[in-house]
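Q: Questions regarding the structure given below will be posed in turn.
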Amino acid sequence: MRTFQIFIIVSCLILSIGCGQKHENKSAAAEQSKPVSEKVAKKNTPQKPASSPNRPPGSTLAPDFTLATTTGELVSMSDLRGKVILLNFWGTWCGPCRMELPDFIKLHNKYNKDGLEIVGITIRRGESIKDVAKFQKQWGLNYLLLNDINGNEISEVTMAYSEAIGQMINGIPTTLVIDREGFIVNGFVGPRREQVFYNAIKPYL
């Protein structure tokens, strides 16, 4: 995960200017050395972690969460165990996020049957969930878009995943690859094309 952490620091500095979620009093150096919190580690580290020949050393177990779809259905990360997940932190207002949406649609169409699940963690800026649902329909987004239940769960999820990867998620889009056993194995900051994402998920499908 160290290579990913170094990459995500550089990318966040570039993207956070125009499209990032800013967090006060957080320096890049401090966040690089910040460990996974004791709470997240205790909750998510299994007694006997599953092994995978393709999993990078030091991979971190993805924190569990429960969020709501645009239709109000509750979905937990634990519900998706056994699938390969592209967990995408995004927003309807984010131009770079929109660039990769067609590629997510193509990936879902091609590989959902093979166990791929694309999950959009929706960071809203004034939009209602109805607005997100309208956007989802207009763009033909055929994968899960998850939202707050009571108003602040997305912030909690973002913080939990920042702690898990050892670096603040303050630039979007940020996309994490999670294997079938629930471990974060790769990640990207900024928009990517279909082939890049496919190369990242291929070893785990």
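We did not get these values from a lab; they are worked out from the coordinates using the rules stated. Since this is a predicted model, take the numbers as computed values, not measurements. All Cβ positions, even for glycine, are placed from backbone atoms using ideal geometry, and neighbour counts span all protein chains on display.
Q: Out of Tyr161, Tyr198, I need the residue that is in contact with a strand residue (DSSP E or B) (Cβ under 9 Å, 6 or more places away or on another chain) and either assigned to a loop (DSSP other than H, G, I, E, B) or of a type outside the set (S, T, N, Q) (or both). Which one?
A: Result: Tyr161 is the single residue among Tyr161, Tyr198 that is in contact with a strand residue (DSSP E or B) (Cβ under 9 Å, 6 or more places away or on another chain) and either assigned to a loop (DSSP other than H, G, I, E, B) or of a type outside the set (S, T, N, Q) (or both).
Q: Let me ask something else about it. Quick one: count up the residues across the stretch 80-123 that are part of a helix (DSSP H, G or I) and among the polar types (S, T, N, Q).
A: The total comes to 2.
Q: Starting from residues that are surrounded by fewer than 22 Cβ atoms within 10 Å (Cβ to Cβ) and out of contact with any Pro (no Cβ under 6 Å at 6 or more places or on another chain), keep the ones in the stretch 191-200 and report whichever is nearest to Phe65 (Cα to Cα).
A: Ala200
Q: Looking for whichever is buried (at least 19 other Cβ atoms within 10 Å of the Cβ), farther than 16 Å from Pro63 by Cα and either among the aromatic types (Phe, Trp, Tyr) or touching a residue at least 24 places away in the same chain (Cβ under 8 Å) (or both) here; the options are Thr92, Thr175. Which one fits?
A: Answer to the check: Thr92.
Q: Let me spell it out: the conditions are (1) crowded, with 17+ Cβ neighbours inside 10 Å; (2) of a type in the set (D, E, K, R); (3) farther than 23 Å from Val84 by Cβ, and Glu156 meets all of them except one. Which number is the exception?
A: The number of the failed condition is (1).
Q: Further, regarding this structure: With Thr66, Thr122, Thr71 as the choices, which residue is touching a Leu at 6+ places or on another chain (Cβ under 6 Å) and over 27 Å from Asn199 (Cβ atoms)?
A: Thr66
Q: Sort out which residues of the stretch 136-158 are outside any loop (DSSP other than H, G, I, E, B) and free of Cβ contacts under 8 Å to residues at least 24 places away in the same chain, and write them in order of number.
A: Lys137, Gln138, Ser155
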